[in-house]
Amino acid sequence: MARITTATIKEKKRRQERITMLTAYDYSMATMVDQAGIDMILVGDSLGNVMLGYENTLAVTMDDMVHHTKTVSRAAKNALVVADMPFLSYHISLEEAVRNAGRLIQEGGAQAVKIEGGTERVDTVKAILDAQIPVVGHIGLTPQSVNAFGGFKVQGKDLETAQKLINDAHAMDKAGVFALVMECVPSELAKRVTAEIACPTIGIGAGAHCDGQVLVVNDMLGMYSGHIAKFVKKFADLQPIILEALRSYKEEVESGTFPAAEHCFAIQDEVLDKLYGGS
Ligand code: KIV
């Protein structure tokens, strides 16, 4: 399979082929996501929730992102790796934004970065693009703005926020993002925006008419015990399966049935005899 590039993703919209994206944060999961043929792996700052146990994404640092991006990049043979820029890594100055985006590419091995925000982030997107780093935009419910929004709320339901979503989508498209994540917005609005802009839209809680879809892998595999949003479909329910395996392990170790002969290494009797004198 040929490596997915930003050109492949744009071409998919032109051909009306749906784009797939999932998050991954570690080598084992990223290997499976890649083997499944998913187009893009997002090293999302949602790792703050599902990997690090934080309440939201705000505590995630650049070092956290670089660390997890490195491991995902080592696993991804075909998928395009997109790394999230964490809270405050692109808000202070354009110079810091470019330097931090560069770390995710140079140290992390990602092929692109994702930033949250609309019209207010146009200059940031342009500065990062100037450094030859492809950018994915993220509008609608942007989790890094949870305190400004006053909670995790669907965006674009009223006239004002719907108009803002449309303005943000056009601004990001014009700025040059190669794909645009739209999170938690009404399906009909996402459909209109998808038809209006040139770059592919990747929906999460944005209905079936986006050019692609993204989900947090731990949510869709039923491996996360925290809050699960309405838009998540569990494609598997792995938590009870994993729990059952862990309990069996405990029981077998405690009862002495694990390890069995096939899990053990042998030594010749004469070697043992020499060591212990036949005792
Ligand atoms: O961090 C993340 O996983 C994301 C997705 C929810 C799009 O930004």
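The values are calculated or read from the model by the stated rules, or taken from the named source; none is laboratory data. In this text, all values refer to a predicted model and were calculated from it rather than measured experimentally. Quick reminder, even Gly has a Cβ in these numbers, built from the backbone with ideal geometry, and neighbours come from all protein chains shown.
When Ala30, Ala97, Ala110, Ala83 are screened for being away from the ligand (no atom under 13 Å from the Cβ) and under 11 Å from the mean Cα position of the chain (by Cα), only Ala30 passes. Only one of the numbered conditions (1) away from the ligand (no atom under 11 Å from the Cβ); (2) in a helix (DSSP H, G or I) is not met by Lys77, and that is (2). Looking at Ile115, Ile128, just one residue is surrounded by 20 or more Cβ atoms within 10 Å (Cβ to Cβ), more than 16 Å from the ligand (Cβ to nearest atom) and closer than 30 Å to Met1 by Cβ, and that residue is Ile128. Working only within segment 224-271, note down all residues that are assigned to a helix (DSSP H, G or I) and either acidic (Asp, Glu) or modelled with pLDDT under 95 (or both). Passing the criteria: Glu244, Glu251, Glu252, Glu254, Glu262, Asp269, Glu270. Within segment 175-198, is there a residue that is assigned by TED's automatic domain parsing to the domain that holds Val125, of a type in the set (D, E, K, R), within 16 Å of the ligand (Cβ to nearest atom) and touching a helix residue (DSSP H, G or I) at 6+ places or on another chain (Cβ under 6 Å)? Checked segment 175-198: no residue is assigned by TED's automatic domain parsing to the domain that holds Val125, of a type in the set (D, E, K, R), within 16 Å of the ligand (Cβ to nearest atom) and touching a helix residue (DSSP H, G or I) at 6+ places or on another chain (Cβ under 6 Å).
Just for segment 131-140: of the residues that are within 21 Å of Thr5 (Cβ to Cβ) and of a type in the set (A, V, I, L, M, F, W, C), which one is nearest to the chain's Cα centre (by Cα)? Among residues in segment 131-140 that are within 21 Å of Thr5 (Cβ to Cβ) and of a type in the set (A, V, I, L, M, F, W, C), the one nearest to the chain's Cα centre (by Cα) is Val136. The C-beta contact set for segment 1-23 (first residue surrounded by fewer than 16 Cβ atoms within 10 Å (Cβ to Cβ), second residue part of a strand (DSSP E or B), distance under 7 angstrom, 6+ apart or interchain) comprises Thr5/Leu80; Arg18/Gly212.
For segment 24-47, a tally of residues being part of a helix (DSSP H, G or I) and without any contact (Cβ under 8 Å) to a residue 60 or more places away in the chain returns 8.
Taking segment 209-234 as the range and being within 13 Å of the ligand (Cβ to nearest atom) and closer than 16 Å to Ile41 by Cβ as the test, the residues that pass are Gly212, Gln213, Val214, Leu215, Val216, Val217, Asn218, Asp219, Met220.
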